[in-house]
Amino acid sequence: MRMVDLILAKRAGNEHSNQEIKFLVDGIMNGAVPDYQLSAWLMAVCWRGLSDNETAWLTDGMCNSGDVLDLSAVADLIGDKHSTGGVGDKTTLVFVPLLAAAGIPMAKLSGRGLGHTGGTIDKLESIPGFRTNLGKDEFVKQVKDVSMAIAGQTAELAPADGKIYALRDVTGTVESIPLIAASVMSKKLAAGANLIILDVKAGRGAFMDTVDKAKNLATTMVAVGKALGRPVTAVVTDMEQPLGNAVGHTLEVIEAIETLKGRGPKDLEELCLSLGSMALVTAGKAKDEKEARVRLSKLISDGVALEYFQKLVKAQGGDPSVIDNYEIMPQAKHQFELMAEPNGTKWVEHLDGRKIAETLKLMGAGRVKKGDSIDLSVGVVLKGKVGSEIKGGDSLATVYADSEEQFKSVKDKLLSAFTFNANRVDQSPLVKASVS
Ligand code: URA
């Protein structure tokens, strides 16, 4: 078998056999398939797609490219949630301690930034000392000891996804339903959880720009889960605008902590409560979503979820004082206000998260090539979201930048992310559909 033949076959739209997919994954792992051939194959998949069988085989191969955790000795039920990527999506930072506080141990494998979206692992590294490269035994022990762990891709768990993910990020091969499905599901299956909630983002800030495409991705992941014996629930949620107000690593960690303190933006809190109540009901820990919400809200208002976040930080070597002192995280040198035009009152009709994310990439917050280091301090805090009333001369956002030149160089692009309407604009619902 030769890799070039697989590339040609996929370019022609042919279906691979299970053997061929195994050859590909083995080759990725033992170095026989170089990055340039894998990139070419990934691009062919972007154009030609993968069948359901190919997607399940690829997922299985990626999952078994490393260790597969058995967490059954830790608890009967272990939770996990995964987002398909969006802008300002810091849900995991709130969700994991919240659910652990509610009695569901959480074993979470997360990624770094991908394409225009930010990654949980990069965000967590804003906290001094926070280690995301937990080994397998350490990961399991931590779930046992403190009921939660968030680790990055290790050499041990779904390592084939780690390699493919890093390449997709820099080769324009992210937006493919089967590749996203295999990437997400291989990690979920390898990490050993059995209560899996998938948050599939839909909108211009997501990889799936319409609800229909997002439903398609959700259905593919649910089908892969079923085919490989691990049922999952998928929820399609809005990514027509960034989630919350903060975009940028340090700023998003601050916003997540504020949410755990009960002072976060409504949409972020709402998403965590929606996904969390679904998990609690599925786990049989609440009789319905209403009861689950009340419990989760109380864990926030009583400060218990925040205590769990602090436990998580401490367990992973981070400085737990971060919850009271945000300044220990990387700080941008300057802050600038992005001002609306001086005249008139209008309403924000659309807020293009992708443009905001691309702007941040230009400011150094995202990778341009594999392994680049990134600036964790820069970012944007939005003053208003879709539906907000903006008066002439109001600030639309605070921009955290390295220098005035940097701010000036991105100002017009940032302004172009806002679309206004002279009339009032309604918010659209956050949760669009669920698939199981
Ligand atoms: N999240 C993942 O883990 N993989 C993808 O491909 C996209 C989002």
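The values are calculated or read from the model by the stated rules, or taken from the named source; none is laboratory data. For clarity, every value in this text was computed on a predicted model and none was experimentally measured. Don't worry about glycine lacking a Cβ; one is built from the backbone with ideal geometry, like all the others, and counts go over all protein chains shown. Only protein heavy atoms, including side chains, enter the accessible area calculation; ligands, DNA and RNA are left aside. Shrake-Rupley method; radii C 1.70, N 1.55, O 1.52, S 1.80 Å.
Numbers below:
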read-out	value
Tensor-based shape of region 1-113 (alpha-carbon gyration tensor, a/c under 1.5 rounded, otherwise prolate or oblate)	prolate
Neighbourhood charge, 10 Å Cβ-Cβ cut-off, centred on R263 and excluding it, Lys, Arg +1 and Asp, Glu -1	-2
Alpha carbon centroid spacing (whole Å) that separates region 152-182 from region 47-112	13
Gain in span if fully extended, A75 to S436, counting 0.36 nm per residue against the direct Cα distance	127.6 nm
Relative contact order (%) - criterion: Cα under 8 Å, at least six apart; region: the chain	18
Computed label-point distance, nm, for sites E404 and K370 using a 7 Å Cα→Cβ extension	4.2
Accessible-area composition of the chain, carbon plus sulfur, in percent [1.4 Å probe]	49
Extension gain, R2 back to S17 (0.36 nm per residue minus Cα-Cα distance, nm)	4.0 nm
Cβ crowding within 10 Å averaged over residues, with 109-115, 412-418, 199-205 ranked highest first	199-205, 109-115, 412-418
Theoretical FRET efficiency, 1/(1+(r/R0)^6), r = Cβ-Cβ of Q335 and D426, R0 41 Å, to 0.05	0.85
Within-10-Å neighbourhood charge of L167 [Cβ basis; K, R +1; D, E -1]	+1
Peptides ranked, highest mean first, by Cβ atoms within 10 Å: ranges 246-252, 375-381, 344-350	246-252, 375-381, 344-350
Extended-chain gain in nm, criterion 0.36 nm per residue less alpha-carbon gap, K141 and D302	55.2 nm
The chain: calculated mean residue ellipticity at 222 nm from DSSP helix runs of at least 4, using -39500 (n - 2.57)	-14000 deg cm²/dmol
Solvent-accessible heavy-atom area per residue, rounded to whole Å², over region 321-374 at 1.4 Å	55
Fraction of the pair-distance distribution of region 331-421 above 15 Å, Cα-Cα pairs, percent	58
Relative packing of 172-182, 399-409, 285-295, which averages over residues the other C-beta atoms within 10 Å, highest first	172-182, 399-409, 285-295
The chain: translational diffusion in µm²/s, Stokes-Einstein, Kirkwood Rh over Cα pairs, 37 °C, 0.692 mPa s	149
Region 258-406, Rg to Rh (Cα coordinates; Rh as Kirkwood inverse mean 1/r)	1.04
Radius ratio Rg over Rh of region 3-49, counting only Cα atoms, Kirkwood formula for Rh	0.93
Residues A155 and E349, FRET efficiency given R0 of 51 Å [Cβ-Cβ distance, rounded to 0.05]	0.65
Region 199-225 versus region 364-423: alpha-carbon centroid distance in Å	26
Inter-centroid distance (Cα atoms) of region 259-277 relative to region 291-350, Å	11
DSSP-defined antiparallel bridges as percent of all bridges, the chain, nearest 5	55
